Amino acid sequence: MKIVRSDGSLAGGMQWSAHLRRAHTARHWTHFVIVTALVTLVSGCASFGRTQPTRTPFPTFTPTPVNAAAAPDAPSGEGVVNGAEQAAATNTPTLTPVPPTATATPAPTATPTDVPTATNTPTPTPQPTATMTPTATPVPVYTFELEAAEKHPTESLAPNVVRVFLWVYEPGGLGLPGYSLRVIHNGAELPVDQTSLGGLPSLTREGPSPYARFTNMNAIFVEAQAGTWVVQLVDETGTPAGPPAEFNLSSDEVTRELYVRYRRE
């Protein structure tokens, strides 16, 4: 089928196709407007009695005229490119995705904090309390051991007469010469002039007696017998050579024979 132009020329089949597409597009928009109007009418009925919302005006579609003329020297029977499609293909922008830029997060800055300075308060040193240390009494060192300190009864001595016997010897059993006694009665020292004899001992009693003892020295004191008697061995210089022995006598006591025995250690 051929169509006569206004200038008397004939349009090709491609021009007719473009005309049909425009008519189809016009019908499409006509249907769209009708459907939109129906939706608006239904919405208005549903909201009857209520405040009518503000309506946004719909855009009016105006088809853009398309250049239907083909190139004058285009060969007959070849397709002519639609101008609208060509313009859309030419003007379509190409979207290039922009990679997100990494934003460096600054590291937190440490805020200096005032650190309290420890104050060292000197602790007073307690002064040691002076303690009075008692002075130890020196223990005398003796060269003789006190082996016996005994009281024996007497019948030959008169009242207020006291006799003291001494036996000083070495471990071999022989008496040692040159030793004497220090005798103190009630705190008063009595004079002693005798010294011991060396060698074999004598006996304190003649004949058999349960009170017979070895002796190598004796001394007699005429003194009121009552009170405390302290007897101690001394050497030739008067220095104590053995521990003291203590005796207590009453005024009518008959055991007035005092006996001490010292052995050299």
Which of the chymotrypsin sites (Phe, Trp or Tyr not before Pro) found in segment 152-221 are in a DSSP loop and have at most 16 neighbouring Cβ atoms, other than their own, within 10 Å?
-> TYR211
Quick one: grab the alpha carbon gyration tensor of segment 144-264, order the square roots of its eigenvalues as a ≥ b ≥ c, and give me rounded if a/c is under 1.5, else prolate or oblate depending on whether a/b is larger than b/c.
-> oblate
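With +1 assigned to the C-beta of every Lys and Arg and -1 to the C-beta of every Asp and Glu, and no other charges, what is the dipole magnitude of segment 156-265 about the Cα centre in debye, to the nearest 20?
Details: 8 positive and 12 negative charges, 57 e Å.
Charge dipole, segment 156-265, about its Cα centre: 280 debye, nearest 20.
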In range of the label at ALA158: residues from segment 204-234 whose backbone nitrogen is under 14 Å from the point 7 Å along Cα→Cβ | 221-225
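Rule-based calculations on the coordinates, nothing more; no lab input. Here the structure is a predicted model, which means the values were calculated and not measured. Please note: Cβ atoms are built from the backbone with ideal geometry, for glycine as well, and neighbour counts cover all protein chains shown.
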